[in-house]
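Reading through the structure tokens given below for one structure.
The values are calculated or read from the model by the stated rules, or taken from the named source; none is laboratory data. This structure is a prediction, so every number in the text was calculated from the model and none was measured. Here the Cβ is made from the backbone with ideal geometry for all residues, glycine too, and neighbour counts use every protein chain on show.
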Amino acid sequence: MLKRLFVIAAVVVVLLLVAVVALPFVIDVNRFRPELEAKASAAVGRKVTLGPLSLSLRSGKVVASDITVADDPAFSTSPFLTAKSVRIGVEVKPLLMQHKLNVIGIAIDQPQISLMRNPDGTWNFSSLNKGQIAPKDASHKIAPTSVSVAALSVHGGTLTVSYPNSTRPAQVYNNVNVEAVNVSATTRFGFHVATELPGGGSADLSGKVGPISTTDAARTTFEAALKAKDVHLASFADAASGIEGIADLDEALISDGATLEAAGELSGAQLKFSPTATPFPKPLSIKHIIDFGMGPQSGNMVIKNSDIAMGRAHLLVTGTVQTDSGVLNLKLHGTKMPLDDLQPLFTVLKVTLPMHAHFRGGALTGDVTWKGTGAAPIVAGSIQIYNTTMVGFNLGEKLGSMAKLTGKAALKPDTDFIQLTAKFVATNAGTKVDPLRSDIVGIGVSEGKGTVDPKGNQDFKLIANPTGGVAGSITKMSTAGNEGKGWVPVSMKGTSADPIFIADSKTAAHNALVGTTKGVGHAIGSIFHKKTDEEKQADTDKKAADKTKK
């Protein structure tokens, strides 16, 4: 009896095994292909085509040999997405007992995805979920609102982002992996994305997204945390912008569908933000809050707040950047920034100091606007430098013909500035400074204006009120009514690296002897005011009249 039961049990097991093996052949899963294509097409609003299907009862999956999702015809006739295989998780019991297909998960292997963005800001995925694609068999018509998937995954994908009719290079993301749960076009669902970045580095993005916008998928609301390592910035910028360097990103992203706000920190080394600049030699940390427009005509980036930290120096930046054209409209402000920490910035901005010279100590306060493109900027503003020493630059010795008047000042190897202020406008054509003021220990006070051409050649006209040894010598030429004050016209020529100072001794002596405010004003006027023909004739007539009187 027991033996017979064992035989019966063995027969049942064999029959079950035969049934399991035979079921995939009995159930023709290809009959469900129109339904699957209809559901997928309805979900994305694009024509979805599946290849031949096969069934694995052990894993509870229907496998399609390949998949194609059509692109927006306004962008391309090539596919938006292709994949060699798609695994579709199904509920086995309804499939076996009722021949009903309930999809619970989709896994896409090694897809090739093509994203495109037109100059007006429209993406080729903007039209996803806009409408239903009706299948040939009306019985399989599925409303987009009814489509949901418990789990969606992408493994080993390649994502290409291109910009038709633009100079921006295409960006290729390799090894893209996506995990999403409870995916629906009408509800909010969680997601996680990990990918390799163009040019090198990696990124990890996780958060929640949805519901998917039915008017423009690019304007779907979401919130996410982004962490990226070793980002090659040049891979994401127009070559003309000059942006380079490798950075790490830690961002909190929030989109309301109209604006994407990115708040976080970018930190990196050898960063460069202009084609005419050199890479910043020290690590930079940039904490920021930036808004990006979403959808069409969204090329505007608004920098609400940005704190660039260079050691103890903090430079605050606000303004806008047109990401497509590269047009900048920025305001930069810094208060009492330590010059020692700003020293590398002078090299980056092509600011040339006298040869072998550098600042030591002191602080800089500045307000600057930066407009135009990175290739053709217009930089204007004012700076004030306080209580610093220009090491390796002997201004007293450089005064040339005035050296004999400088006394002990000529013996100092360095130059101590009490204050140096300037208002300037700088373009690719050169720099105009007006006014330039300085107060230098042992030398005196000066004021004037001038220009520096792109090669560093300079031409400044200054009025100096000397002190120390200079003042002592001029005082000897002055009358008592002058109270020891003498104004000396000085020209500053040469280059920024090797300045040459030329004093107008005759005018200096004359001004000292005049010793009146009127005389000082006349001296300043002689530098900054070009006489008219009438004024020149009047001077000639006056000299003739003086001779007649004599």
query = When the residues of segment 184-194 are filtered to those that are aliphatic (A, V, I, L, M) and out of contact with any helix residue (DSSP H, G or I) (no Cβ under 9 Å at 6 or more places or on another chain), which remaining residue is surrounded by the most Cβ atoms within 10 Å (Cβ to Cβ)?
reply = Val193
task = Go through (1) within 21 Å of the chain's Cα centre (by Cα); (2) at pLDDT below 90 one by one and return the number of the condition Asp250 breaks.
result = (2)
request  = Please find, among Leu330, Leu339, Leu364, Leu316, the residue that is in contact with a helix residue (DSSP H, G or I) (Cβ under 8 Å, 6 or more places away or on another chain), farther than 27 Å from Val488 by Cα and at pLDDT 85 or above.
outcome  = Leu364
key: Filtered residue count, segment 427-439, keeping only those that are part of a strand (DSSP E or B) and in contact with a Pro (Cβ under 8 Å, 6 or more places away or on another chain)   = 2
ask   = Could you count how many residues in segment 157-192 are part of a loop (DSSP other than H, G, I, E, B) and of a type in the set (S, T, N, Q)?
value = 5
query = How many residues does segment 271-313 hold that are modelled with pLDDT under 90 and assigned to a loop (DSSP other than H, G, I, E, B)?
reply = 17
request  = Pull up segment 215-260, narrow it to residues that are among the β-branched types (Val, Ile, Thr) and within 30 Å of Pro377 (Cβ to Cβ), then point me to the one that is surrounded by the most Cβ atoms within 10 Å (Cβ to Cβ).
outcome  = Val231
query = How about segment 28-46: which of its residues are at pLDDT 75 or above, farther than 16 Å from Thr68 by Cβ and of a type in the set (Asp, Glu)?
reply = Glu35
task = Could you pull out the residue among Gly264, Gly268 that is modelled with pLDDT of 85 or more, under 13 Å from the mean Cα position of the chain (by Cα), under 24 Å from Asp307 (Cβ atoms) and not in a loop (DSSP other than H, G, I, E, B)?
result = Gly268
request  = Check whether at least one residue in segment 194-204 is over 21 Å from Ser306 (Cβ atoms), of a type in the set (S, T, N, Q) and modelled with pLDDT under 90, and report yes or no.
outcome  = no
task = Report, by residue number, each residue of segment 303-349 that is surrounded by 15 or more Cβ atoms within 10 Å (Cβ to Cβ) and among the small types (Gly, Ala, Ser).
result = Ser306, Ala309, Gly311, Ala313, Gly319, Gly326, Gly334
